[in-house]
């Protein structure tokens with residue numbers, strides 16, 4: 001079976017996460033997105049673990065779970081993100097790690113062990129006082145089946161290779177490097193950027209949403225497409241580890257420019273201290289690595305070091321030329337969430353406004369789920385349901401024929417369609433096809 005898997009999300013118990021991040025909403029919107037497998041996130045948090053225990057039931061013999069009281073084909077893997085905080089040299093490193101766990105029993109064993117390094121009840125993504133290498137060793141010694149994936153490896157903060165991280169995976173994880181299952185690219189990078197660093201060849205590259213919201217412009221915006229004979233924890237881990245093209249089909253990635261840390265810069269609302277007085281940036285400052293390097297990465301407004309973007313960080317560590325492709329690479333597709341495309345076309349203030357959702361649901365009712373709309377639906381059929389402008393925009397995204405205003409310093413990038421490419425505004429709208437209930441809307 002073909003499997004669309006998003007293994008890194010958060011619950012409502014993580015800092016900065018929507019209160020709507022409940023299992024019921026995750027299940028409902030995950031199904032609309034086209035996900036078959038979703039990570040639970042935050043298993044170390046006592047309240048979330050209690051909900052998981054109450055609401056999920058194991059699919060016999062699979063070490064995966066399903067929602068007890070909702071008829072859905074979505075399956076769940078127990079997962080959680082852990083921040084390992086430790087001193088290295090003269091700085092403090094904060095490295096985020098994703099855990100994939102085979103059962104609630106193992107999850108509770110991990111909680112007992114990890115609780116010695118920090119308070120697990122404070123945040124769905126706990127902060128532990130332990131080095132990254134010691135963390136992997138502790139986790140694997142608890143149960144060898146638990147897998148560790150360094151999260152969003154290039155992101156400026158809280159990552160192994162970012163601005164405040166390390167210059168190599170081995171420098172961080174030391175003798176535990178071989179115990180890592182894979183590396184997560186993150187929203188501001190894609191496999192093509194990772195291919196420029198030879199050390200990363202030894203690891204499979206996975207993509208996940210790191211979603212803090214259940215809505216489909218966040219949930220599943222990045223995912224892994226796998227083909228397995230049976231849907232089990234072991235078969236999924238094997239498909240990732242062996243990265244054979246017949247089993248690991250591809251990853252779904254947002255274009256790296258869309259991510260919040262692609263370029264180098266300082267956002268407008270960033271505060272900086274001048275002579276004991278806090279001041280605020282009056283303008284956005286954003287640079288391509290070529291320009292940032294000329295400035296020694298110093299902000300021309302506040303005189304502080306800018307937030308080094310992922311593109312610049314890749315350039316600093318690259319030992320291969322731009323455009324290099326390894327012989328055994330897993331393919332990937334760049335996609336923008338459908339509601340964000342529709343919000344652009346509709347000139348809407350948010351992907352969640354009603355007119356956007358009406359058109360979105362008409363496409364979902366017609367083609368089954370968002371991934372099918374974005375990857376497979378023919379232009380002519382898309383136009384019949386949502387109009388020619390929407391159809392053309394989807395095809396442009398599918399073919400990679402769209403420009404983006406790059407994200408930087410915590411600000412998402414923006415999609416830009418040329419008016420000549422998507423034509424004038426559609427005067428035609430068919431509305432929602434099929435039975436539409438109030439609960440279909442966010």
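The values are calculated or read from the model by the stated rules, or taken from the named source; none is laboratory data. Just so you know, these numbers come straight off a predicted model, no measurement behind them. Virtual Cβ from ideal backbone geometry, glycine too; neighbours counted across all protein chains shown.
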* **Pairs, first in the same structural domain as residue 41 (by TED's automatic domain parsing) in segment 6-29, second surrounded by 22 or more Cβ atoms within 10 Å (Cβ to Cβ) and part of a strand (DSSP E or B), C-beta under 6 Å, six or more apart** => 6/38; 6/223; 7/39; 7/79; 8/39; 8/98; 9/39; 9/211
* Residue check, residue 76 against (1) over 26 Å from residue 160 (Cβ atoms); (2) surrounded by fewer than 23 Cβ atoms within 10 Å (Cβ to Cβ), all met but one. Which one? -> (2)
* **Meets criteria (surrounded by 19 or more Cβ atoms within 10 Å (Cβ to Cβ), in contact (Cβ under 8 Å) with a residue 40 or more places away in the chain and touching a helix residue (DSSP H, G or I) at 6+ places or on another chain (Cβ under 9 Å)) for residue 98** => no
* Asked: Among the strands (runs of 3 or more DSSP E) confined wholly to segment 241-318, which include 1 or more residues that are in contact (Cβ under 8 Å) with a residue 12 or more places away in the chain and within 19 Å of residue 151 (Cα to Cα)?
  -> 248-253
* Answer yes if at least one residue in segment 156-179 is touching a residue at least 12 places away in the same chain (Cβ under 8 Å), under 17 Å from residue 101 (Cα atoms) and surrounded by 19 or more Cβ atoms within 10 Å (Cβ to Cβ), and no otherwise. => no
* **Residues of segment 208-224 satisfying the condition of being over 8 Å from the mean Cα position of the chain (by Cα), surrounded by 21 or more Cβ atoms within 10 Å (Cβ to Cβ) and more than 17 Å from residue 338 (Cα to Cα)** => 224
* To do: Determine if segment 307-322 includes at least one residue that is surrounded by fewer than 14 Cβ atoms within 10 Å (Cβ to Cβ) and either in contact with a helix residue (DSSP H, G or I) (Cβ under 8 Å, 6 or more places away or on another chain) or within 17 Å of residue 411 (Cα to Cα) (or both).
  => yes
* Structure fact -> Checked segment 259-302 for anything in contact with a helix residue (DSSP H, G or I) (Cβ under 9 Å, 6 or more places away or on another chain) and within 30 Å of residue 239 (Cβ to Cβ); matches are 259, 261, 262
* Structure fact -> When residue 227 is run through (1) within 18 Å of residue 150 (Cα to Cα); (2) at pLDDT 95 or above, the failure sits at (1)
* Structure fact -> Residues of segment 85-95 being surrounded by fewer than 23 Cβ atoms within 10 Å (Cβ to Cβ) and at negative phi, in sequence order, are 85, 86, 87, 88, 90, 91, 92, 93, 94
